[in-house]
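What follows draws every value from the coordinates through simple rules; no lab data is involved. This one's a predicted model, so the numbers in the text were calculated from it and none came from an experiment.
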């Protein structure tokens, strides 16, 4: 489904998961069914919010780590530093020989 960006088999795939007899897979199927339209949209569209979600995760992690011990200027500095380090890491991966 993901390679072809075709969400048409999604309902039957979810049914198979539900009938698998494995409760974790059935649970995943139930959770995906709750917002099946969004899942289908995510499969079929070329757009991704993965980068934004990663940045949000970074901000939340830093806020938890700092636990109110500092103000916004230090939080901002740490977030910018993390974004810079992540960008360098991704660039290094892109140029690495395979």
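Pairing the Cα long axis of helix 10-19 with the longest principal axis of the chain, what angle in degrees results, from 0 to 90 and rounded to the nearest 10? Approximately 80 degrees, to the nearest ten. Taking square-rooted eigenvalues a ≥ b ≥ c of the alpha carbon gyration tensor, is the chain rounded, prolate or oblate, where a/c under 1.5 means rounded and, failing that, a/b exceeding b/c means prolate? Because a/c hits 1.5 or more and a/b exceeds b/c, the chain counts as prolate.
Please find, in a Gaussian network model of the chain (springs between Cα atoms separated by less than 10 Å), the residue of 56, 43, 28 whose mean-square fluctuation is greatest. In the Gaussian network model the winner is 28.
Stretching residue 59 away from residue 81 to a fully extended chain increases their span by 6.8 nm, per 0.36 nm per residue minus the current alpha-carbon distance. One chain, two ends: residue 4 and residue 28. Fully extended at 0.36 nm per residue, the span grows by 6.5 nm beyond their Cα-Cα distance. With contributions of -39500 (n - 2.57) from each DSSP H run of at least four residues, the per-residue ellipticity at 222 nm computed over the chain stands at -24000 deg cm²/dmol. Relative to the dominant Cα principal axis of the chain, helix 50-66 is inclined by about 50°. Compute the long axis of helix 23-34 from its Cα atoms, compare it with the longest principal axis of the Cα atoms of the chain, and write down the angle in degrees, 0 to 90, nearest 10. Between helix and principal axis, roughly 80 degrees.
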